[in-house]
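In what follows, a structure is listed as structure tokens, so that the remarks can point back to it.
The values are calculated or read from the model by the stated rules, or taken from the named source; none is laboratory data. What you see is a predicted model; the values in this text were computed from it and never measured. Here the Cβ positions follow ideal geometry from the backbone for every residue, glycine too, while neighbour counts run over all protein chains shown. Ligands, DNA and RNA are stripped out before the accessible areas are found, and what is left, the full protein with its side chains, is counted by its heavy atoms. Shrake-Rupley method; radii C 1.70, N 1.55, O 1.52, S 1.80 Å.
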Amino acid sequence: MSQDRAGPSAGPASGRTTVLVGMSGTEVDRRAELCTAAVSWHATTAFLQLGEPSLSAELTRLADAGAETVVLIGVRLGASGPGHSWLRRIAAYWWRERAGHRPVLLVAARLVDSADGVADAVASAERITGEEPGLTSPVWEEVTGHRHQVMVCRGPRCTAKGADDTQRSLIRQLREHGLGDDDVLVTQTGCQFPCNQAPLVSVQPDDVWYGHVDPVAITAIVTDHLIGGRPITTHRLPRRRKEPANRPED
């Protein structure tokens, strides 16, 4: 996401700041790339999830510094991640809850996947009014009835070795089999260990761990394990269990 030409001047001193917001774990792992683009645009960076500073923390910092206008540009460098609507939801929640000075908050109308799209995104930014949907919904009230929770590691090594493709293949194949969150709940995580086995996927409550999980392996995991109930052996990792310490009798 490198960018050679200088971007528009921005910052609290000028009253207007642009923030490039990483939407998923991919941007956290590719932080250097995001920061390079931010420097060229005289922007700052923040993350919607898994990374620091969080979007809320960065908005608070900028407001405390006296920024008059903040433009948020959602960046998604990987194949998956939260939709654009979540950027508006989080920004609006912060704006409604903010005590004290609140800058004018603008959110680009679409996500960008490279620095080439930043200029157009800035031009398309729309103002947060406070009337946007909140962070709650009746459909998010209860834990889903899923049989399995598949946790895809998005740590630095797993991401570097293709975890984004692994997750994309997993979600696609689950949809092809008609499986939703009430069947298999897919969750991105930070580092799960052991990193040498990247990309890593674990399946709960079966306590099964898989290593070197590429899209081909995902096909077998979905059909044999998640649907057929039989963990595959080709990518399964041995699980070392620590014996519980002896406890003195009461």
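Observations on the structure shown:
- Kyte-Doolittle mean at least -1.0 and Cα axial length at least 15 Å: DSSP H helices in the chain: 84-97
- Charge tally around residue 175: other residues with Cβ under 14 Å, Lys/Arg +1 each, Asp/Glu -1 each, net -2.
- Mean separation of Cα contacts under 8 Å, 6 or more apart, over the residue count of region 34-145: relative contact order %: 26
- The longest stretch of the chain left intact once loop-based trypsin sites (Lys or Arg not before Pro) with at most 16 other Cβ atoms within 10 Å are removed from consideration, loops following DSSP, is 6-97.
- Evaluated with a Cβ-only charge set (Lys, Arg +1; Asp, Glu -1), region 142-250 carries a dipole of roughly 480 debye about its Cα centre, given to the nearest 20.
- Computed accessible area, residue 101, all protein chains, 1.4 angstrom probe, square angstrom: 80
- Cβ distances below 4.7 Å define possible disulfide partners, and in the chain the cysteines left without one are 35, 191, 195.
- 9 Å beta-carbon shell around residue 80, net charge (K/R +1, D/E -1): +1
- For region 16-71, radius of gyration divided by Kirkwood radius, i.e. Rg to Rh on alpha-carbons: 0.96
- Overall form of region 118-179 per C-alpha gyration tensor (a/c, 1.5; a/b vs b/c): oblate
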